[in-house]
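See structure below.
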Amino acid sequence: MVRSPDRDLAARQNGFAFFGAITASLSHELNNVLATIKELSGLLEDLVHAVKPERPLNGERVISSLEKMNVQVERGRRYVKQLNRFAHSADEPEAAIDLCDTVAEIVALSQRLAKLNRVDLITELPEQMVKIDGSSFEAQHVLYRCLKAVMTAAGQGEKVVVRLSDDGPRIVVEVAGPDRAIDVSPEWLHVTERLAEEVGAVFVSEGGDSGKMLLHWEPGRAVIGEVRL
Amino acid sequence: MSHEKVLLVDDEKDFVEVLAMRLETREFDVDMVLSGEEALVKAGQRGYDAILLDLAMPGMDGIETLRRLREINPDSQVIVLTGRATVKQATEIMKLGALDLLEKPVDIEVLVEGISQAATNKFRLSEQRIAERTEEIIKRHGW
Amino acid sequence: MMNLRVDSPQAAVESSTLIPHGYYRRLRWISVSAVASVSVIPLIIMTVINYHQYEEAFRIEATRPVHRLTVSAKLSMESYLSERLSALQLVNRAASIEEMRDSAELAKWLTHIKRSFGGFVDLGLIDAAGKQVSYAGPHELIGRSYQDHDWFHEVSQRGVYVSDVFLGYRDSPHFVIAVIHDTSDGTLYVLRATIDTNAIVRRLASLAGPELNDAFLINREGILQTPSRLFGEVLGQLPFQVAENPEEPGILETKDPDGKPVLVGYAAVSNTPFEVAMINRSGVYHGDWLSLRRELVSFLIVSVLLILGMVFWGATYMINRARNADSRRATLYHKMEYTNKMAAIGRLAAGVAHEINNPLSIIHQNAGLVQDLLSVSGKEPPKEKLLSLIESVLSSVDRCSAITHRLLGFARHMDVETEEIDLELLIRGVLMFLEKEASYRNLRVDVTVDEKVPTIQSDRGQLQQVFLNIINNAFAAVEEGGSIAISVRKLNDQQVAVAITDNGMGIPEQNLAHIFEPFFTTKKGAGTGLGLSITYGIIQKLGGKIEVDSHEGKGTCFTVTLPLERKQS
C-alpha cells in the first residue's frame, strides 16, 4: 500500500493540532477555576474588610465561600491530573493500552467541547479491560476527531454516546449521535482513516443519516482503510 | 454617581455569583445570566451601564452575543472577560466596539474602574444623544 | 523540574533527511554510464578488431585468384613476346644480310615465321641511316626514313626494341619489335617486324577465363594496348593509375566506369612497355563478406541495445529500490521525529501541569486554615491573619493563571494555517493594541517599510502573536520616552526580514544565549518565561528564523526572517 507523504504529514500536523486543542481546552477550564477562586478570595477579603466593631465577621458566608473554594480547587486538581495524563500519553508512544481508559479519558477531555456545543456526551463501557496495542495518544486523537465531527453535527441538548464493545475477536468503538448526516470532507476522511490505521483499527463512517462513526479492531485481519458512505 | 446597572454574562455559575456579590458590596446594581441568549433578553428589558461578557460560552458565544448586543443598542458598553483571547479574536472584539478586553482572573479594582468608565461613556453618549436631539428639534422647530 | 532541553533551539533545529533535487536521476545516469561503458566499449573494440581481421582475410581470399592469374598472364605475355623476339632473332641470325636486303627473300622468311610462330604482319630491314632497305608485308614502305624516330635510336642503343601498340593503316592494332643486325664489317642494320595483337587478346581472354571479368594490356602511361570489356577500346586511357613498371605484381582496389568496386591485378611484362591488368569486378566486398559484415554489425547493434536496455532497466530498478528504501527510512525518520517532538511537547505540558499543582495546593491549604481558624477557635481570628492568608491565596492564583495563560498560548500555536499576508498591515494592526501604552508612556514607534516588500504566505494569527510578543518585550525594555524602530525589508527572492530595534536596557550577554529557552525569564516571579520560546517555536514552524543582537544599556534588536512562501516542514 502506497502511503502518500502528504497524508502522513497532514495526519501529523493534525496530531499537533489535536494536542493543542486539548491543552487549550484544559487551560481554559483551569482558568475558569482560577478566576472563580480569585473572586472567592476577593469576596473573603471584602468580608474581612467589612468587619467593624459593631458588625462582626459573617462566619456563614465565609464558610460557604471557603467550601466553594475547595470545590474549585478539587476541580482544578482534576484538570491538572487530566492534563498530566494526557500530556504523558503523548510521551509514551507505543504500549499495551486499555481502551476503556482511553475512551474514558478522551470523553472527559471532550466535555468542555460538549458543553460549548450543549451536547450530552456519555460513555457506555464494558466492565472488563479491553487491551489493544498502540499509542494511547493516537487512539485518543482519532476518537477525538470522530467525537468532534459527531458533536458538531448534533444539535443543542442532544445526546452523543461513545459505546465500547468487545465481543471476542472484534472490538468496536461506536460514536453515535442523533440520526443526522455528518458532513465531513474527503480530506478529513483520509486523515481519519490514516490515523485509525496507525492504531491498528479500521475507520467506518456509517452512511446516510445514521450519524454514527465506528472504529473496529479485528485481530488477524489485515488493516485496510475501509469507508462506507 | 452610584448604583450603576451592571449585567454579568458568564456560564461559570460560581464565578458569576461571587462576582455579583462583590460588585453589589461595591454598590453596583448587578444582574447576572448564564448564557448569551439570556443576556440578550435581559439587555432588552433594562438599560445597563455596563455589560461584562465572557467570551467562551456554550450556545451563543461571546463574540456573537457582543454583536447582537451592539445591534440592539449601539450605545451598549460591553467589557469582554476572557481566559485569553487570540489576537484574531481581540481584533474582532475591538472592531465590534467592545469597551475593553480583560483577562480572567481579573482584579476587582480594574473591573470597577472599567465599569465606571463604561458608565461615564454611557452617560456622555446619552447626553450627546439628548444634545443632538435637542439641536435637531431646535433646527426643525426653533429657528 | 522539567526537562529544559526539549524544544530548546538546538533540539528544534530541523535535522533534515531531504535528498537534493535530481539526486536519483543523477545517480541513475552515473550508474548507467559506468556499467554501459565497461560493457559496451570493450564490445565495440572487439567488434572493430574482428571486423578488420575478417576484412583482411576476405581481401586475401578475394585477391588471391586475381594475383595468381595476373602472374600467369605476365608469364604468358613474356613467353609470347620472347617467342616473337626469338623468331625475329632466328631470322636475324639465319639469314644473310644480302638475303635480308632483298625484299623477296625477306618475304620468304616472313612466310616462314608466320607459319611457325604466327602473329607477324610484316618484316623489314633498315640501315644505319634509318632508311628502309627492304620490306615484306602489306605496305609499301621501302625508302622510308626512320632516322628521327625514337624507337630507331633506342634499338640502336639497346639492341632490342618493343613498341607500344598503335593502329596501322587498316585500323588493326599492332606493335613493332626490332633487333639489331651486326654485320661482320661493322655495318649496322635493324631488323623490324610488326606483330598484330589478336593472338594476345585471345590469350588474355582465355587466361581470364570465367573467373575474372576483364583482362588487357596497358602501357606505362596507362593507355590500353588491347581492348577492355570495362574500360573501352584500344588506345583509350585507363581512368586509374597503376604503379609504373612494378617489380612485383600488385593489386589495386578501384571502381569501374559504372562506379562498381573492382579489383585490379597488374604486373609489368619484362623487357616490354606493357603491363597486364586483370580485373575482378566482384571486388573484395562480394557476397560472403557483405553478409558477414552485415551480421557482425547487426550483432553489435543488437548486443549494445540489449546491454543498454539491461543496464538501464537494472539501474532504474536498483534506484527505485534505493528510492523506496530512502523514502521508507525518511517516513520512519519523520514518524520518529514526530513521535519525539510529540513526546517532548507532552513532557513540557506535563511539567506545566505539575507547576500548577503547587499553587493549587497552597490555595487548598490556606482555605483549610481559614476554615480551621473560624471553626475550631470559636472566637474571631485576627483580621490581619485572615487577610494575609487570603493574600497568599490570591498570589497563588496569580501564579497559576500566569502558567495557564502561557500554556494556552503554547497550545494555540500548534496548528498552522496559511494565507496571504501584508506584513506592514499586520504589524500596524499589532501596534494598535499597544497604542494606549505607547501614548501613556510617551514612547516613539517608527515603522519603515521598503517599497518592494511583497506579501508573504504565512499564518496570520501566529505572526501577530510573534510580533506582539517581540514588540511587547521591546516596550518592556525601554524607559519612558524611549523609542522603538520597526523595519520591514526584502532580503532576497525567498525571504523578508523584520527588525525590531529598541533603545532599552538590553540583554546581559550571559542571558543572550538562553532567552529562547522555555522557562527562562529575568522577570522574577512574573510569568513563566514561555514567551520567547513560543515565539521561537512559531517562527521555526513558519519556516523562518529569529536572531537577537543586544548590547547592555544600549538596546536590543530582534530580527525575524520569514520565507515568502511557507514550505511543508
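The values are calculated or read from the model by the stated rules, or taken from the named source; none is laboratory data. Nothing here was measured: the structure is a model prediction, and the numbers come from that model. So basically every Cβ, Gly included, is an ideal-geometry build from the backbone, and we count neighbours across all protein chains shown. Areas reflect the complete protein model, heavy atoms only, side chains present, ligands, DNA and RNA absent. Shrake-Rupley method; radii C 1.70, N 1.55, O 1.52, S 1.80 Å.
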### Query
If you take the charge dipole of the range A:19-152 about its Cα centre, with +1 on Lys and Arg Cβ and -1 on Asp and Glu Cβ, which of A:GLN128, A:VAL142, A:ALA21 is farthest toward its positive end?
A:ALA21
### Query
Using modelled amide H (1.01 Å from N, peptide plane; none on Pro or chain starts), what sits under 5 Å from the amide H of A:ALA201, excluding residues fewer than 5 places away?
none
### Query
Within the set B:LYS5/B:LYS42; B:LYS95/C:LYS436; A:LYS148/B:LYS95; C:LYS436/C:LYS490; B:LYS88/C:LYS452, which residue pairs have Cα atoms separated by over 21 Å?
A:LYS148/B:LYS95; C:LYS436/C:LYS490; B:LYS88/C:LYS452
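Averaging sequence separations of C-alpha pairs under 8 Å and six or more residues apart, then dividing by the length of the range C:154-274, give the relative contact order as a whole percent. Numbers along the way, then the final one.
Details: 197 pairs, mean separation 21.2, N = 121.
Relative CO of the range C:154-274 lands at 18 percent.
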### Query
Using helices alone, what [θ] at 222 nm do you get for chain C, with -39,500 (n - 2.57) per DSSP H run of 4 or more residues, divided over all residues and rounded to the nearest 500?
-17500 deg cm²/dmol
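Taking a probe of 1.4 Å, how large is the accessible area per residue of the protein assembly as shown, in Å²?
Details: 46030 Å² over 941 residues.
For the protein assembly as shown, the per-residue accessible area is 49 Å².
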### Query
Taking a spot 7 Å from the Cα of C:SER270 along the direction of its beta carbon, which residues of the range C:146-177 have an amide N less than 17 Å from it?
C:160-162
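Which FRET efficiency value, to the nearest 0.05, is calculated for B:VAL41 and B:VAL110 with the Förster distance at 35 angstrom and r the Cβ-Cβ distance? If you can, show how the numbers build up before the last one.
On the way: r = 28 Å, r/R0 = 0.80.
After rounding to 0.05, the efficiency reads 0.80.
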### Query
Counting other Cβ atoms within 10 Å, which GluC sites (Glu not before Pro) in the range C:432-463 have at most 14 and lie in a DSSP loop?
C:GLU451
### Query
Given a Förster distance of 45 angstrom, what is the FRET efficiency for A:LYS81 paired with C:ASN324, based on the Cβ-Cβ distance and rounded to 0.05?
0.50
### Query
Residue-wise, which Karplus ³J(HN,Hα) couplings in Hz belong to the range C:228-235, taking 6.51 cos²θ - 1.76 cosθ + 1.60, θ = phi - 60°, and x for glycine or proline?
10, 5, 9, 10, x, 7, 4, 6
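As a test of the definition: with a 1.4 Å probe, what buried accessible area, both sides summed, do you compute for A against C, in Å² to the nearest 100? Write out the running numbers ahead of the final one.
Working: alone 12770 and 32030 Å², together 40440 Å².
Between A and C, the summed buried area is about 4400 Å².
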#### Entry: Estimated distance in nm for a label pair at C:THR316 and A:ARG180, the labels positioned 7 Å out from Cα along Cα-to-Cβ
5.5 nm
### Task
Could you work out which residue, out of A:ARG55, A:ARG194, A:ARG170, moves most in a Gaussian network model of chain A, that is, has the largest mean-square fluctuation with Cα springs under 10 Å?
A:ARG55
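Which percent of the accessible area of the range C:58-280 is formed by carbon and sulfur heavy atoms (probe 1.4 angstrom)?
Values: 5100 of 10380 Å².
Carbon and sulfur together cover 49 percent of it.
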### Query
Going 7 Å from the Cα of B:ASP29 toward and past its Cβ, which residues in the range B:115-143 have a backbone nitrogen under 19 Å from where you end up?
B:115-127
### Query
Which Cα, out of B:VAL112, B:VAL33, B:SER76, lies furthest along the positive dipole direction of the range B:12-125 (beta carbon charges, K/R +1, D/E -1)?
B:SER76
## Note on the structure
Mean other chain Cβ within 10 Å across A:52-65 is 2
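About its Cα centre, what dipole magnitude does the protein assembly as shown give when the only charges are +1 on Lys and Arg Cβ and -1 on Asp and Glu Cβ, stated in debye to the nearest 20?
Numbers: 102 positive and 128 negative charges, 131 e Å.
It works out to roughly 640 debye.
What FRET efficiency do you get for C:LYS131 and C:SER172 if R0 is 35 Å and r is their Cβ-Cβ distance, rounded to the nearest 0.05? Mind showing how you got there, number by number?
Details: r = 25 Å, r/R0 = 0.73.
The value I calculate is 0.85.
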